[in-house]
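Comments concern the structure below.
The values are calculated or read from the model by the stated rules, or taken from the named source; none is laboratory data. In this text the structure is predicted, and so the values were computed from the model without any measurement. Counting neighbours? That spans all protein chains shown, and the Cβs are built from the backbone with ideal geometry, glycine included. To get the accessible areas, we keep the full protein, side chains included, count just its heavy atoms, and leave off ligands, DNA and RNA. Shrake-Rupley method; radii C 1.70, N 1.55, O 1.52, S 1.80 Å.
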Amino acid sequence: MAEPLTSLGGLRFAAVSGQRLYFEERDGPGRLVVTVVEEDVIRVQVQPHGRAFVTRTWAVVGTAGDAPPEGRDREDLSVFACPPVSFSEAPGHVDVTTARVALRITLDPPALSWSLPSGEHLMADHPELAYRYALTDRDGRAPERGVRHTLTRDLAEMYLGLGEVSGELDRHHRRYRLSPKDALGYDAQYSDPLYKHLPVYTTLTPDGHAIGLLYDVNSAAVFDFGSEVDNYVGKYRYAEFAARELDYYVMVGPGLATVVRLIQDLTGYAPVPPDWALGYLGSTMAYTDAEDPTAALAGFVDKLAEHDIPCTAFHLSSGYSMGDDGNRYVFRWNRRRVPEPLRMVEPLKAAGIRTLANIKPALLTTHPDYEALAAAGAFVREAHSDRPYTNRFWGGLGSYVDFTNPVGYTWWKQQVIEHILENGVDATWNDNNEFQIADDDARTSAGPAGDLRPVLTLLMNMASRDAQREHAARVGNAADHRFQLTRSGSLGVQRYA
């Protein structure tokens, strides 16, 4: 993250338009926008440089229930109820009230404070450190990545959330990074970061109230719940992103169950899985890595019968795509070891066991399809050229499919249908999809990779889901498209995997 950080300057109340209240920096380009989207949900945008850099969202879908591959316009409020805005001005602050929440916006220095309409305090920005950001890059030419939101901290509060991270359920006193990694062999108590990017958490107050914070920001992040202390400014917590702006939603319970529902209302609901997804799902690399995977899987089925072990599905690891050189080539069956994929999965099908095939979102430079995809511009590209961005991936150099590019998205869907589903496999296992792109300025069709890595993960799952849905409609099987697996994930991934 960028250091040092500059504080957002004093604000003036500039305008109100519909559900939006606009505040502008008195002596700078920055602005703050507060939008009442529901009686119990308020959106806050902090734009230190006076504009939005990421104009589309793939996470927040509201009543639409989903977003298209190109994302949804962040300023489209049609997916929210948008109740009338009630506000009042007074020297030094503006108050916004709904039936469920009272918000005070202090202007100088900028800070927000949240309460119930009855006056019970819920949450507050730090009065001195609320919004800080990096001003320019080293050459003074462009906004640097780095923006921090700092709130006060009560020792009696609990902080729940961030999804799959290490340590105790209560995140208080810990610092976490959200920068997904292939964290093989991690320690469940201490390792950080892990696989997911889920920048959402709930505060439980000493009075038993719950208030949620959901950051619709896809840049690498640090959440500090009191690991850092400073004697001069009191107790605080912060969320810092390698981004140029903040876009977050505050959800008022008053209880935890209500906040959980509101998170799902914002980001979408998971489909009901088929019954077979709720049983024992076998998994090992040994069988598809074997010299004869067909015989190995048949032997597995025999062992299940011998020991009377029920099994409803089995994960086919990437060994089916392992070439004779030992490298893995996504979607390409090793026809020497697996001459007939349909025959390989037949013993499993006969035993009523569904299959999920491992697929990975990067192609090694030696992959048979690499050159054609590179020529079509289907990979994430280098920052300053149209060459594919390459880095280390499973035994060699590889490039990630750019799922924000319709060419990459469509190619992926076709491969899932042709090489996975039409070869008798029931569903997909989207693996190694943390998109560990080291250069924030590497380019996707939707913008810099530093702003969008988790979006690539989300769209990989969307493309695989779309492939399963199209294939299921074609063959008349309505159930299998409702389930797939993913290793990484971001806000909204529950809609697909």
Exercise for the section: Scan the stretch 431-468 for residues that are of a type in the set (A, V, I, L, M, F, W, C) and open to solvent by 10 Å² or more (accessible area, probe 1.4 Å) and jot them down. Expected result: Ala438, Ala446
Exercise for the section: Pairs only if they're at least six apart or on different chains, beta carbon under 8 angstrom, first in the stretch 8-21 and in contact (Cβ under 8 Å) with a residue 60 or more places away in the chain and over 18 Å from Ala111 (Cα atoms), second assigned to a strand (DSSP E or B) and open to solvent by 60 Å² or more (accessible area, probe 1.4 Å); list them, first residue then second. Expected result: Val16/Phe87
Fill in the blank from the handout: Flagged pairs (Cβ under 7 angstrom, 6 or more apart or on separate chains; first in the stretch 395-422, under 16 Å from Asn433 (Cβ atoms); second among the hydroxyl-bearing types (Ser, Thr, Tyr) and assigned to a helix (DSSP H, G or I)) are Phe403/Tyr409; Val416/Ser464
Fill in the blank from the handout: Cβ pairs under 7 Å, 6+ apart or interchain, first in the stretch 242-256 and closer than 15 Å to Ala220 by Cβ, second assigned to a loop (DSSP other than H, G, I, E, B) and among the basic types (Lys, Arg), ordered by first then second residue, are Ala242/Arg145; Ala243/Arg145; Arg244/Arg145
Practice task
Could you check the stretch 73-155 for strands (runs of 3 or more DSSP E) lying wholly inside it with 2 or more residues that are of a type outside the set (Phe, Trp, Tyr), in contact (Cβ under 8 Å) with a residue 60 or more places away in the chain and closer than 17 Å to Tyr22 by Cα?
Solution key: 93-97, 102-107, 110-115
Exercise for the section: Look at Ser17 and say whether it is out of contact with any strand residue (DSSP E or B) (no Cβ under 9 Å at 6 or more places or on another chain) and either closer than 24 Å to Asn218 by Cβ or open to solvent by 10 Å² or more (accessible area, probe 1.4 Å) (or both). Expected result: yes
Exercise for the section: Output the number of residues of the stretch 364-385 satisfying the condition of being open to solvent by 30 Å² or more (accessible area, probe 1.4 Å) and either among the aromatic types (Phe, Trp, Tyr) or under 14 Å from Ala449 (Cα atoms) (or both). Expected result: 3
Exercise for the section: Go through Ala134, Ala130 for me and flag whichever is surrounded by 21 or more Cβ atoms within 10 Å (Cβ to Cβ), modelled with pLDDT under 95 and not acidic (Asp, Glu). Expected result: Ala134
Practice task
Spot the failing condition for Val54; the list is (1) buried (at least 16 other Cβ atoms within 10 Å of the Cβ); (2) part of a loop (DSSP other than H, G, I, E, B); (3) more than 25 Å from the chain's Cα centre (by Cα), and only one is missed.
Solution key: (3)
Completion exercise
Met251 meets each of (1) of a type in the set (A, V, I, L, M); (2) under 20 Å from Leu198 (Cβ atoms); (3) in a helix (DSSP H, G or I) with one exception, condition (3)
Exercise for the section: Scan (1) part of a loop (DSSP other than H, G, I, E, B); (2) in contact with a Phe, Trp or Tyr (Cβ under 7 Å, 6 or more places away or on another chain) for the single condition Tyr287 breaks and write down its number. Expected result: (1)
Completion exercise
Going through the stretch 395-430 in order, the residues found to be more than 21 Å from Asn358 (Cβ to Cβ) and surrounded by fewer than 17 Cβ atoms within 10 Å (Cβ to Cβ) are Pro406, Val407, Thr410
Practice task
Answer yes or no: is there a residue in the stretch 299-313 that is under 24 Å from Asn461 (Cβ atoms), open to solvent by less than 10 Å² (accessible area, probe 1.4 Å) and of a type in the set (A, V, I, L, M).
Solution key: yes
